[in-house]
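Inspection log for the structure reproduced underneath, given as structure tokens.
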Amino acid sequence: MAGESDEEIRAVALDAFDDEWDSQTSRTEYTTSAHYEYDEQLARAAIEAYFSTGPGVGHVQGSVLTEVELECERDGILLHGYADNVVRTDDGLQVIDYKPSVRYELSTSDRAKEKLREHLAGEDYHPRLVKSAIQAATYIEGIQNTSVYEPGMEIVFTYYGLLANTDIEKSTAGVQPRVSGYGRNVEETYYSEEETIWGLIQRAHDGIREDNYEPIRWDAIRENACDRCDYRSMCTDALAEEVQF
Amino acid sequence: MSPSPSEDDSDEEPSPRIPQQRIIESSEYPMRVLAGAGTGKTFTMVRKVEHLIDEHDVSPDRILALTFTNKAAASMREKLNEKLGAPGYDVNAYTYHSICHDILREYAYHAEIDPQFDVVNNADRTALIHEALDEITYRFTSPEVYGPDSHADGAAGSLLKFISTMKSKGISPSTIETFLGDADRLLELEALVDRIVDRANETVRVSWRAPSADRLEEMRDGLADLQQSIEDERTALGQTGVEQSVATFLCGMEETCTSLAELLETEEASIIDDEHKPAFRLPAYLFGTYASPPSGIPDSMSVTLTGKLRSFVEECQEAADLVAGYTAYEQRLHEASLVDFADLIGATLDLLEDPNIRAEIAGQYDYVFCDEFQDTDAVQFELVDQLADDDKLFVVGDDDQAIYEWRGAAVENIGHRLEERYETLIPETLEENFRSKQPILDVANNVIAQLEARGSEKELTAVGDAANASDGIATITAAEDDEEQAEQIATAIGRLLAGSLSDVDETYGAGDIALLVRKNRHAKPIVRALEERGIPYQLAGGLAADSVGVETVLAYLKALANPADEVSLNRVLTMRYRLHDVDLRLLNTASDSLSEALQSLPLDQFREPERVRRAREDFQALRAKREIYSVARLFRELKEQTNIDWYLSPQERRDLRTLESLIDSFGEGALQPALDESFLELLSLMESLDDSVAGVQDQAETVSDAVNIMTVHKSKGLEFPVVFLPNLSADQWEPSTRSYDTLGHTLEETAATPLDQDFEKRDEYEARRIFHVAMTRAEEQLVLVGRHADDGGVDDGDLSLSFIDSWLPEQIPWRATGASFPIWQEVTAGLPPTATDWTDEVAPIDGGVDPTISVNGESVPQSVARDRVLALARGLLNGDLDSVSPATAGFAVEALSTDGGPALSHRHSYTSLEKYSQCSRRHYLDYLVRAFEDPQRGDTGSNTVSIRDTGILFHDTAELAAKRSLTSPEKWNDVCDELGRQGSYSAGIVDQAKGCIDRYFSTEASSWEILSAERSFTLDIDGHTITGKIDAVYRNSAGNLVVLDYKATTMQRSLDDNLQLPIYLLACQQLFDERIDEAGYVYVGSVGPDMSTRTFSDDELAQCRQDLLTRLQAAEDSTFDDYTAGDHCQWCPHRSLSCSQTH
């Protein structure tokens, strides 16, 4: 797409969106047509915002890899994942992971770093943040094992929330969603907390390998995670808690 | 004996008190009685009806009595029947809706509706709302059907609420459309608000901080400019509809400009010299130029004029979208020949506009009596007015107990609206309360007296001993954390049950205690705390969500609807079939899907094949039935096939009733869904949507053996010896604006404007009334649990709220104080000196809920002791208990509890005594500790189940038929069909019950007059209480009274060798003035038709009383240790115990 104009890139993206929307969604998943159509508008508005006011065009023009499997290994632990987009920047590479919102992803705040340390120490429980940090580790390390990486390159890892801000615009012609995206670069947190994050990875890895699913902060898990867990209603640990005397 | 309030089932009617007697005997109409809580208003109303019939020869069928719920209507009929005999049933006791239903059926042709119309049920309504949502052009609102946080927040919830608000006020879609006008204009009106804020920014928002005379003068000029701009905007507006309403707002703003200019002038000196310095920021704040109150304006002041106008315009915009959905909903209702509750009344009102029809309908009644009038909405008010043709209207209610405004009820109906409509209205009040101790009433009076805009000045006073009581109020300062508050409450309840609270002499049973919550979620932590202590509780409908057992039953339904739902299937295999972990793993790791593996894996691969086999068979059988049965029927099959009830705790079984009644509601409507995933989704949606528009006003069903937990709304009309009110803090009782209130009010009457009142204030008034209702449920002990809210109020140097108020013009309804209910502040300020503080006594002791106890002389934490017991039990099951010495392994049960647990209560019935004479152990297990029954095995029980169900259906039929005075087998069969449908009985059982009806009509009893059916009694014998129900009391052809018990069984009973009939006769001595000495059985089962009766002499009854006393005394001491083995063991629900083997 390097030779395409900004406008052409936008048009291709929106065309692709239309095809994807038709194939990936169905009216029957929605209670009303109005809601279905609105969600389509919302998603399209997100794409439009990304390619008009957001950094989308640059991300396409500089893209060197998409949907690429990244792998890394440390101390016998093999991690892999699929990066949405890898962009060549002036100083190196930017790995981008698209999300609806970045609200619960890793950030560069001191508090976020502290939370990772608390989780590792078993003092508190921040599973979403840990998951986000493990993903960052996988991609930042993994990109360095690809052909597009050259030693000395600066790596940026970005969580990009396509629907970070949404609102509606009233109009007698019909309400329109107003959307803007927001990207957050978090590699700095990875580098400063590398040891903590790999400690977390190590523990998760060992637990899975050794079939050890004993929860560390069961009280916090129950309070924060069980309600959203799809398996709760069959989980004997959760049930035991509920029927205890 | 003092007169009892309506709720009392006491069989001996007291005499009316003087104020009640005056009302009963008065011939003056129209009359309104404002009757406070517990003052016997229904009692008075029923006695007045009785008086009219008895003393004034008014024919019962010339009297119309309207109430709110079917239950209340039935109860009124029953009371009149008890007093007047059969003529009591001739009084037309209806609900506001049911009379309209009957009128519309009769006059369907004139009303231009399909005579076969159905009343819409929840399922129909949800489906119609969803369809209507697609008819909306979304210009101002989001089409997202459900909100991100709560289903009720989305378009579906909004439309439902909008329609219900508008219909309760009798506002049609076209009225709304005419009012709102063009959508473009609504956008422009929003821009108008922006312009005013912009203008205020230019004219009255200043950057300086030190006021001076010049600066204040300049600001006064600014205010004049702002006022002029607003006036210009106003004169450009139209003279009708929404523009006229906005103009009213602008007028209020102009007045405010004038008033603020006066403030700046009058208070100039005090503003400059600091005392009222922040006043110079008031204009800019009130006209919306600050996002939050600036320095010097109290944080608790949230009202701005531009904010209020913006909210109104936004409400109009939202309505402009929703009105299309409203129109579509109405259209679809009509197409489907459905009517909703509001339509029943609306269509009847339309019908009554025809003077001839009105004369015909209203002409059927000479007197119209209305109960709970404070809960009527605008259309119900009109209905009553139309029906009370010649003003012989008697209205009773309590403005202080009006707690349904959020659903459209209008408290004015019993106040000024009634006074204006009926200029000759005779006002009466009832203030003598027959329920509560005086200190409880003092607190309740005090809180309600602080209600501004209260319609009356009633003051409740206790009578009898309660008047002189000085105790009855306790407070607990609640911990900040809800869980800790729950611990405090559970501790207090535990101590009440154990009788160990220092200042409470009485010992209470769990059923004496009620816990009334303002919001559903308040109950949850308290329930957990009660659970941990093993204190039995009952959640009234709506609160029973999150029950483990109910979720298992739901999981079963989900797994049946979709076998690929492996999470649900696993849940069922774990919780119902108790599959071993190894077997679950085997099934889940099989190459087939879980449901296929369950059906196909060879049983010998499993560690516990029997359990797998049972699960396999049950699933197979139920899957096959899923296609052909309705949901309600399938649900019954599920319970029978799987015996899942047995796997639920008594609490969970109670919880399950909520789900059952929800599913049953699908059996009544036009829509009969099959069990599929969309149905289950609908089920969960209905629960969440109904939170926003609660469909029922019925009282909660209460239980006598568990703490009753319910919302205050559900407790209306009930009474309990002890009432706990938790979460009494300002933030939990904070008033809020109700959606579409302002618009609804503006559209309701021609002269109404959006500035007539502060609608948030109305919610505050209602909160106060809810609290009043809650407190007045308590008879002996009211426990108030709350705390002061965090101080979000006034800082040093802030203007005082009252100062600000004094400068807000009267033309605007909002005050700086806004709407707030500092509930704990008011409670603590008004406490009587005798109120006791339990906070210290319920504070957590060392170890919290895990105290140290003594086990065989050793001190251990209670949890450790429990674990040890469980380990012993496990060892017993695994057969490896050898290493334990029986001498030291034993535990005294008492050691496991610090408070002794809830006391066991002894209440006896004929059946329980019979069981005792059979076997002491059985009595102990069934009636004292309420032990689990053995699980049912195989199909052995199905025959007895069907005989029992048949019997229940026949008894219910006989009861209802008697109450409706039906005397032909055809009519009885109709009732049987009706009840069969409602209770989802199988066709076979309905047929068997009809067989019973046939047999009944072959007996002589069917030609006798029925005087009473299913009459409850409480018989007191030397301090022992026996309760029960008498099937029927008849007057035979010789004119004598006879007690008859229906038997649907296969065997006849001896008339001589049992206590049942004499118990009934002894009870009748207390219930009826007339002597009854004959009793017997009517056999309607396969052993019949037959009837046998005998008479009992006084001597025989006296002897029987003596025998009873002996048995009662013995039954008090029933123990687990004594048992009698015999033939009865084979039917015993505990026959798995070793005792049955000894026979």
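Quick look at the numbers
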{"read-out": "Average beta carbon contacts from partner chains per residue of A:167-177, 10 Å cutoff", "value": "5"}
{"read-out": "Pairwise Cα inverse-distance average, inverted: Kirkwood Rh of the range B:183-312 (Å)", "value": "15.1"}
{"read-out": "Shielding by partners - mean other protein chain Cβ count within 10 Å, residues of B:525-533", "value": "1"}
{"read-out": "Estimated dipole of the protein assembly as shown in Debye, rounded to 20 [Cβ of Lys and Arg +1, of Asp and Glu -1, Cα centre]", "value": "3880"}
{"read-out": "B:Glu177-B:Val1087 pseudo-label distance in nm [points 7 Å out on the Cα-to-Cβ vector]", "value": "6.9"}
{"read-out": "Check: chain B dipole with +1 on Lys, Arg Cβ and -1 on Asp, Glu Cβ, in debye", "value": "3920"}
{"read-out": "5 angstrom amide H check on B:Thr429, placed H, neighbours 5+ away", "value": "B:Leu34"}
{"read-out": "Between the range B:745-824 and the range B:382-411, the alpha-carbon center distance in angstrom", "value": "24"}
{"read-out": "Cα-based reach from B:Lys308 at 30 Å (exclusive), listing lysines while leaving out same-chain residues under 8 positions away", "value": "A:Lys170, B:Lys161, B:Lys167, B:Lys169, B:Lys277, B:Lys519, B:Lys761"}
{"read-out": "Distance (nanometres) between label positions extended 7 Å along Cα→Cβ at B:Thr1124 and B:Asn878", "value": "4.3"}
{"read-out": "Contour minus Cα-Cα distance for A:Thr53 and A:Glu223 (0.36 nm per residue)", "value": "57.2 nm"}
{"read-out": "Furthest towards positive pole of dipole, B:His56, B:Val323, B:Ile1026, structure part chain B, Cβ charges", "value": "B:Ile1026"}
{"read-out": "Net charge of neighbours whose Cβ lies under 13 Å from the Cβ of B:Ala236, counting Lys and Arg as +1 and Asp and Glu as -1", "value": "-2"}
{"read-out": "Cα gyration tensor category, rounded, prolate or oblate, for the protein assembly as shown with a/c compared to 1.5", "value": "oblate"}
{"read-out": "Computed lengthening from B:Ala752 to B:Arg22, 0.36 nm per intervening residue step minus Cα-Cα distance", "value": "259.0 nm"}
{"read-out": "In degrees, nearest ten, helix B:631-642 long axis to first principal axis of chain B (Cα)", "value": "40"}
{"read-out": "Cβ charges +1 (Lys, Arg) and -1 (Asp, Glu), total dipole of the range B:548-668, debye", "value": "160"}
{"read-out": "Acute angle (nearest 10 degrees) that the helix B:987-1001 long axis makes with the longest principal axis of chain B, alpha-carbon atoms", "value": "70"}
{"read-out": "Residues of type aspartates and glutamates that B:Lys1029 reaches as a straight line, Cα spacing below 14 Å, ignoring anything fewer than 8 places off in the same chain", "value": "B:Asp9, B:Asp11, B:Asp956, B:Glu959, B:Glu1014, B:Asp1045"}
{"read-out": "Pair B:Phe679, A:Glu71: separation of 7 Å Cα→Cβ label points (nm)", "value": "5.0"}
{"read-out": "For peptides B:1106-1115, B:156-165, B:322-331, B:815-824, sequence by mean Cβ density within 10 Å, most packed first", "value": "B:156-165, B:322-331, B:815-824, B:1106-1115"}
{"read-out": "Loop GluC sites (Glu not before Pro), the range B:76-176, which have at most 14 other Cβ atoms in a 10 Å radius of their Cβ (DSSP)", "value": "B:Glu112"}
{"read-out": "Euclidean distance between Cα centres, the range B:547-561 to the range A:187-218, Å", "value": "36"}
{"read-out": "Share antiparallel - DSSP beta bridges, the range A:62-213, percent rounded to 5", "value": "75"}
{"read-out": "Segments B:458-467, B:431-440 sorted - mean Cβ within 10 Å per residue, highest first", "value": "B:431-440, B:458-467"}
{"read-out": "Inter-part distance where the range B:453-497 and the range B:995-1016 are each reduced to a Cα centre, Å", "value": "48"}
{"read-out": "Residue order, fewest to most beta carbons within 10 Å, for B:Thr836, B:Thr203", "value": "B:Thr836, B:Thr203"}
{"read-out": "Inter-chain Cβ neighbour average for residues B:569-582, partner chain, 10 Å", "value": "2"}
{"read-out": "Out-of-range pairs (alpha-carbon distance over 27 Å; input B:Lys971/B:Lys1047; B:Lys639/B:Lys971; B:Lys79/B:Lys392)", "value": "B:Lys639/B:Lys971"}
{"read-out": "Cα-based shape type of chain A, given that a ≥ b ≥ c are square roots of the gyration tensor eigenvalues and the cut on a/c is 1.5", "value": "oblate"}
{"read-out": "Extension gain from B:Gln450 to B:His580, taking 0.36 nm per residue of separation minus the Cα-Cα distance", "value": "40.6 nm"}
{"read-out": "Shape call, the range A:36-138: gyration tensor on alpha carbons, a/c limit 1.5", "value": "oblate"}
{"read-out": "Partners for A:Lys113 among lysines (Cα-Cα distance below 17 Å; same-chain residues under 8 apart left out)", "value": "A:Lys131"}
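Only the coordinates and a few stated rules stand behind these numbers; no lab work does. Because the structure is predicted, anything quoted here is derived from the model rather than measured. All Cβ positions, even for glycine, are placed from backbone atoms using ideal geometry, and neighbour counts span all protein chains on display.
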